[in-house]
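The values are calculated or read from the model by the stated rules, or taken from the named source; none is laboratory data. Bear in mind the structure is a predicted one, so any value in this text is a computation, not a measurement. Reconstructed Cβ throughout: ideal geometry from the backbone, glycine too, with neighbour counts over all protein chains shown.
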């Protein structure tokens, strides 16, 4: 079982092998691949830093504790009808996304996210809506995108 905060449910949809550091990318890729290959994987929804935040590089400001991140977590969980402490299979999260989310939701719910400009999260939502599941990440981008 993985422990994830609300906004990471959307981050996984847009994940394309890029991240804040090599260690972060490796961790995110492992989680993403596990969910893609095993959609019955259980997710415990947590408040605050989760298993992805554990690998966020210690390079100054720790955004995982930022108030606007908590607000994004809450907004995404609310849109999906989920609550902190709930345990749900990844395939059920995908079903909720198909029921309650449209690609343009990224523009409002994730408006302050530095990754939003890439457009990959909207693509990821559309792929879920089309029944494709998580996109396969074939190679890990080893570039450290420390400006995010």
For segment 9-24, does any single residue satisfy the condition of being closer than 15 Å to residue 138 by Cβ, without any contact (Cβ under 8 Å) to a residue 60 or more places away in the chain and crowded, with 18+ Cβ neighbours inside 10 Å? no
Expected single match for surrounded by 14 or more Cβ atoms within 10 Å (Cβ to Cβ) and in contact with a strand residue (DSSP E or B) (Cβ under 7 Å, 6 or more places away or on another chain) among 76, 69, 43 is 43
Do we find that residue 31 is touching a residue at least 40 places away in the same chain (Cβ under 8 Å), crowded, with 18+ Cβ neighbours inside 10 Å and under 18 Å from residue 2 (Cα atoms) in this structure? no
For segment 90-130, give me each residue that is surrounded by 12 or more Cβ atoms within 10 Å (Cβ to Cβ), free of Cβ contacts under 8 Å to residues at least 12 places away in the same chain and closer than 23 Å to residue 44 by Cα. 92, 95
From the list 49, 39, 57, which residue is in a loop (DSSP other than H, G, I, E, B), in contact (Cβ under 8 Å) with a residue 24 or more places away in the chain and closer than 25 Å to residue 131 by Cβ? 39
State yes or no: is residue 51 under 13 Å from residue 5 (Cα atoms), surrounded by 17 or more Cβ atoms within 10 Å (Cβ to Cβ) and in contact with a strand residue (DSSP E or B) (Cβ under 8 Å, 6 or more places away or on another chain)? yes
Quick one: residue 77 ticks every box in (1) over 15 Å from the mean Cα position of the chain (by Cα); (2) under 15 Å from residue 8 (Cβ atoms) bar one, so which box is it? (1)
Entirely in segment 79-142, the helices (runs of 4 or more DSSP H) that have 2 or more residues that are over 24 Å from residue 66 (Cβ atoms) and either out of contact with any strand residue (DSSP E or B) (no Cβ under 8 Å at 6 or more places or on another chain) or modelled with pLDDT under 95 (or both): 90-100, 120-129
Counting just the residues of segment 3-22 that are over 19 Å from residue 68 (Cα atoms) and touching a strand residue (DSSP E or B) at 6+ places or on another chain (Cβ under 6 Å), which one comes out modelled with the lowest pLDDT? 21
Please enumerate the residues belonging to segment 1-33 that are assigned to a loop (DSSP other than H, G, I, E, B) and under 21 Å from residue 105 (Cβ atoms). 5, 15, 16
